[in-house]
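**Q** First the structure, which I've put down as structure tokens, then a few questions once you've had a look.
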Amino acid sequence: MKAVYVKEFGGAENLEIRRVENPSAPKATEVLVNVKAAALNRADILQRQGFYSAPKGFPEKILGLEFAGEVAETGDGASEYKIGDRVFGITAGGAQAEFLTTDESLLAKIPDNLNFVEAAAIPEAFITAHDAIFTQGNLQKHETLLIHAVGSGVGLAALQLAKAKEIKVFGSSRAIDKLRNAAEYGLDKSILTDNVQNNFAEFLKEETKGKGVDVILDLVGAKYFAANLESLALKGRLILVGLTGGTRAEFNLGTALSKRLKIVGTVLRSRSTEEKAGATRKFVEDVLPLVAAGKIKPNLDKVFPVEAVREAHEYLESNRSFGKVILEF
């Protein structure tokens, strides 16, 4: 089969399209999927650079965490899908190939109103966002949410999910055009972090009349950590999902204690199949009906043929993207 392959760890020039062995035939509750489209994620860039190893049992040199395609074969114990069904889902690696084998619990049926490219833009971003803000962050309808890097795939997914529940959302970005675009998705208040509002804690105190926000979804990390704690309301929850702004930070422990804050680190890729299946089920129950009804839409930015994977990586690394970058097979 054809696959995106990392010849050696490093820059995008080390990527190629290579013929590799097909995955093993599905067993038990596994399903073989003929991939039609797969999304790019920051994790793919890190893995290509040699900084983010694939979990045990997943390919180190074939990238990809989410996909959309057709069921090509099913294991003897699989009962949810039949050959020809249109499905999308998450995996810990190997999605950027013509075929992959995965457990059926990590799949969902693609709604009729989506094509394969649109569907590929959904799983990782929306499952991650839904799990982070609602399952981990316990965000409630009457509360407020701050999303850092609101123009990213996960950021836009969280914005759409929160607005579907009529939650007030603040969003930050270093790019003013991304904030303008996010406003079209319902963003209530924008924070340009490379400008006068760089001290977003003071801005948020003013906007919330001193209360602070209830939940922060942070895809940046250390750079914003101290200001995040200042920005949170009493019993606020900080959900750490990304570390593009660094991995180490100093902060006043007294702030966390006096406000009774919760600081939660979360990652989807390295979880067990059972844990990821649980997150997928909640996505199917809570999010998929909104997608099927057109109330939530894929955050699709740019589509590349799989042969242009180097250009796709360079585009994502440039930070010009607004939403998801897709490879089409």
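**Q** Among THR244, THR128, THR144, THR101, which comes first, second and so on when ranked by fewest other beta-carbon atoms within 10 Å?
**A** Result, fewest neighbours first: THR244, THR101, THR144, THR128.
**Q** So, in nm, how far is label LYS235 from label ARG260 when the simple model puts each one 7 Å beyond its Cα toward the Cβ?
**A** Distance between label points: 0.6 nm.
**Q** Shape of region 125-265 from its Cα gyration tensor (a ≥ b ≥ c, root eigenvalues): rounded if a/c is under 1.5, otherwise prolate when a/b > b/c, or oblate?
**A** Here region 125-265 falls in the rounded category.
**Q** Which of LEU15, LEU32, LEU290 moves the most in a Gaussian network model of the chain with Cα springs under 10 Å?
**A** LEU290
**Q** Next question, about the same structure. Over the chain, calculate the relative contact order: mean separation of alpha carbon pairs under 8 Å at least 6 apart, over the residue count, as a percent.
**A** So the answer I get is 18 percent.
**Q** For region 13-73, which chymotrypsin sites (Phe, Trp or Tyr not before Pro) are both in a DSSP coil and crowded by at most 10 other Cβ atoms within 10 Å?
**A** Answer by residue number: PHE51.
**Q** With an 8 Å Cα cut-off and a minimum separation of 6 or more residues, compute the relative contact order for region 114-185 in percent.
**A** Rounded, it is 30 percent for region 114-185.
**Q** I want to check the label-to-label distance for GLU311 and PHE251. Put each point 7 Å from Cα in the C-beta direction and report it in nm to one decimal.
**A** Computed distance between label sites GLU311 and PHE251 equals 4.2 nm.
**Q** Let me ask something else about it. Count the lysine pairs in region 219-329 that are 8 or more places apart or on different chains: how many have C-alpha atoms under 15 angstrom apart?
**A** Going through region 219-329 pair by pair, I get 4.
**Q** Right, here's the next one. Could you work out which residue, out of LEU63, LEU217, LEU316, moves most in a Gaussian network model of the chain, that is, has the largest mean-square fluctuation with Cα springs under 10 Å?
**A** Maximum fluctuation in the GNM of the chain, among the listed residues, is at LEU316.
**Q** I want the antiparallel fraction of DSSP beta bridges within the chain, as a percent rounded to 5.
**A** About 55 percent, rounded to the nearest 5.
**Q** Given a Förster distance of 56 angstrom, what is the FRET efficiency for ASN199 paired with LYS109, based on the Cβ-Cβ distance and rounded to 0.05?
**A** My answer for the efficiency is 0.75.
**Q** Something else: For the chain, modelled as a GNM with alpha-carbon contacts under 10 angstrom, which of GLY69, GLY278, GLY155 fluctuates the most?
**A** GLY278
**Q** Something else: Cα gyration tensor of region 239-329, axes a ≥ b ≥ c as square roots of the eigenvalues: rounded (a/c below 1.5), prolate (a/b > b/c) or oblate?
**A** It is oblate, given that a/c is not under 1.5 and a/b is not larger than b/c.
**Q** Kindly put SER105, SER53, SER24 in sequence by how many other C-beta atoms sit within 10 Å of each C-beta, fewest to most.
**A** The most exposed by this proxy come first: SER24, SER53, SER105.
**Q** How far is the Cα center of region 81-101 from the Cα center of region 171-238, in Å?
**A** Centre-to-centre (Cα) distance: 36 Å.
We did not get these values from a lab; they are worked out from the coordinates using the rules stated. Computed from a prediction, not measured in an experiment: that's the story for all the values here. Cβ: placed from backbone, ideal geometry, glycine included. Neighbour counts: every protein chain shown.
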